[in-house]
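In what follows, a structure is listed as structure tokens, so that the remarks can point back to it.
The values are calculated or read from the model by the stated rules, or taken from the named source; none is laboratory data. Computed from a predicted model, the values in this text were never measured in an experiment. Please note: Cβ atoms are built from the backbone with ideal geometry, for glycine as well, and neighbour counts cover all protein chains shown. For the accessible areas, the whole protein counts, side chains as well, though only heavy atoms, and no ligand, DNA or RNA atoms are used. Shrake-Rupley method; radii C 1.70, N 1.55, O 1.52, S 1.80 Å.
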Amino acid sequence: MAANGGLFRSDLLGLFGFVVVSILSSSFCLGIRSVPDGADLAGLLRFNEAPEYRNGVSCDPSLVHIAMTLDSEYLRGSMAAVHSVLKHASCPENVYFHFIAAEFDPASPRVLNRLVRSTFPSLRFSVHIFREDKVINLISASIRQALENPLNYARNYLGDLLESCVERVIYLDSDLVVVDDIQKLWSTVLTGSRVIGAPEYCHANFTKYFTPAFWSDPVMSRVFASRRPCYFNTGVMVMDLVRWREGNYRKRIAMWMEIQRQRRIYDLGSLPPFLLVFAGNVEAIDHRWNQHGLGGDNVRGSCRSLHPGPVSLLHWSGKGKPWARLDAKTPCPLDHLWEPYDLHHGSSISSKTNDLLGSASVAGLSSYL
């Protein structure tokens with residue numbers, strides 16, 4: 001299979017009238033993220049080559065487009081996520097990854113590109129450079145510092161970053177693994193004029209995602225008057241980029257971020273603006289495609305169990321990440337389900353983990369693993 005990696009594309013400044021207020025120096029941008037030191041970074045960039053995954057006989061040539069961020073802080077999670085997608089895909093050679101890398105990442109987008117190529121030699125992918133200065137002036141303080149990373153907001157710019165010929169994409173966070181055929185998620189039909197599809201959770205207390213300042217304002221709170229809003233997690237979304245671009249949804253999200261800077265209408269990071277724009281008008285996808293919250297809450301990161309029902313995707317949203325807990329020898333039970341996809345040099349898949357994967361003792365876990 002021909003290699004399609006190593007393609008860097010700078011996004012166009014000024015699109016939709018966006019004006020860059022200032023060009024930030026690399027030292028400033030490095031100051032807004034948790035940066036590994038030299039020794040930590042060297043260890044982070046060591047990965048074993050993944051097995052080769054090939055198409056079955058019934059695969060057509062159509063591509064499945066997946067967008068993910070790629071940075072040194074969550075690199076280990078990203079590699080495991082890619083590995084999981086390929087391992088369970090019926091047509092792995094048809095999967096095309098669009099990695100979004102920050103311009104001032106400590107490892108540099110070019111280094112990250114080479115690392116992906118060496119780990120997945122036949123992977124079809126491109127690396128798109130995200131200018132952090134495009135969003136830095138819109139970011140407000142959050143309840144957890146990691147949520148303030150500008151790269152968390154790259155999903156807002158996918159319509160700008162990806163080529164116009166890419167009309168549809170699955171966005172995936174870096175702290176998850178897919179344990180089912182990604183083609184099933186790709187086949188989601190976005191009915192009517194819906195722009196995104198995601199698992200919805202209508203039993204959640206929707207009001208807690210916004211501050212009293214929001215709900216007490218009669219103009220702002222009326223944004224939900226004509227729709228029944230439900231919580232959804234933005235770490236797994238099917239996105240119609242044609243409708244996204246036509247509706248200028250990046251600008252709509254930015255408008256709420258501007259209001260947040262002035263009024264403090266929510267406490268979380270990049271999620272609430274998506275809820276303000278889309279909640280109540282989302283194509284509902286089966287919950288099996290985002291078993292989220294496995295990283296606990298945003299403060300303690302405590303252990304959690306699976307939601308009832310079958311599982312196609314495990315998502316460690318929240319503070320606790322499986323690779324960190326495994327390295328610290330304090331894993332949660334479900335962290336062992338992430339471990340088989342870990343390609344970090346020096347990690348190993350124990351027989352105990354393999355036994356766990358085949359065990360019926362993990363409540364609610366289907367045979368997709």
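Separation between the ASP286 and LYS329 pseudo-spin-labels, each 7 Å from Cα along Cα→Cβ, expressed in nm?
4.1 nm
Quick check: from the Cα gyration tensor, does region 237-318 come out rounded (a/c under 1.5), prolate or oblate? If you can, show how the numbers build up before the last one.
Numbers: a/c = 3.12, a/b = 1.35, b/c = 2.30.
Oblate is the answer for region 237-318, as a/c is 1.5 or above yet b/c matches or exceeds a/b.
Could you give the size of the charge dipole of region 52-95 about its Cα centre, using +1 on the Cβ of each K and R and -1 on the Cβ of each D and E, expressed in debye and rounded to the nearest 20?
Details: 3 positive and 5 negative charges, 27 e Å.
Here region 52-95 has a charge dipole of around 120 debye.
Please compute the alpha carbon radius of gyration of region 115-209, then divide it by the globular-protein estimate 2.2 N^0.38 Å. Two decimals is fine.
In units of the 2.2 N^0.38 Å rule of thumb, it is 1.33.
Could you compute the net charge surrounding PHE274? Neighbours are other residues with a C-beta less than 12 Å from the C-beta of PHE274; K and R count +1, D and E count -1. Spell out each step's value before the answer.
Working: positive: ARG155, ARG250, ARG252; negative: none.
Counting the neighbours of PHE274, the net charge comes to +3.
Counting C-alpha atoms alone, how compact is region 174-316: give Rg to one decimal and Dmax as a whole number, in angstrom.
15.8, 45
Work through the residues other than GLY309 whose Cβ is under 9 Å from its Cβ and net out their charges, Lys, Arg +1 and Asp, Glu -1. Could you put the intermediate results ahead of the total?
Numbers: positive: ARG288; negative: ASP286.
Summing Lys and Arg as +1 and Asp and Glu as -1 gives 0.
Counting Lys and Arg as +1 and Asp and Glu as -1, what is the net charge of the other residues whose Cβ lies under 11 Å from the Cβ of HIS292?
-1
Mind running the shape call on region 196-252? Use the C-alpha gyration tensor, a ≥ b ≥ c as the square roots of the eigenvalues: rounded below 1.5 for a/c, prolate if a/b tops b/c, oblate otherwise.
Verdict is oblate for region 196-252.
So if I restrict to the alpha-carbon atoms in region 44-188, what is the Rg, and what is Dmax, the biggest pairwise distance, in Å?
15.3, 51
Could you report region 96-221's accessible area per residue, 1.4 Å probe, as an integer in Å²? Don't jump to the answer; show the numbers that get you there.
Values: 4240 Å² over 126 residues.
Computed with neighbouring chains in place, this is 34 Å² per residue.
Would you work out what percent of the accessible area of region 76-186, with all protein chains in place, is carbon or sulfur (probe 1.4 Å)?
Details: 1370 of 2830 Å².
It is 48 percent, rounded to a whole number.
State the extension gain, in nm to one decimal, for the chain segment bounded by ARG228 and LYS251, taking 0.36 nm per residue of separation less the distance between their alpha-carbons.
6.0 nm
With a 1.4 Å probe and every protein chain left in place, work out the accessible area per residue of region 233-323 in Å², rounded to a whole number.
Heavy-atom accessible area per residue stands at 37 Å².
Run the numbers for VAL219 and ARG261: contour at 0.36 nm per residue of separation, minus the present Cα-Cα distance, in nm. Intermediate results must be reported in sequence, preceding the final value.
Values: separation 42, 0.36 × 42 = 15.12 nm, distance 1.72 nm.
The VAL219-ARG261 span can extend by a further 13.4 nm.
Work from the charge dipole of region 41-99 (Cβ charges, +1 for Lys and Arg, -1 for Asp and Glu, about the Cα centre) and give the residue of ASN48, VAL82, ALA67 farthest towards its positive end.
Projecting each Cα onto the dipole axis, the largest value belongs to ASN48.
Taking the Cα centre of region 165-312 as origin, work out the dipole magnitude from +1 charges on Lys and Arg Cβ and -1 charges on Asp and Glu Cβ, in debye rounded to 20.
On the way: 18 positive and 14 negative charges, 107 e Å.
So the dipole magnitude of region 165-312 works out to roughly 520 debye.
Run the accessible area of region 212-349 with a 1.4 Å probe and give the carbon-and-sulfur part as a rounded percent. Don't skip to the answer; put the middle values down first.
Numbers: 3030 of 5790 Å².
Carbon and sulfur atoms account for 52 percent of the accessible area of region 212-349.
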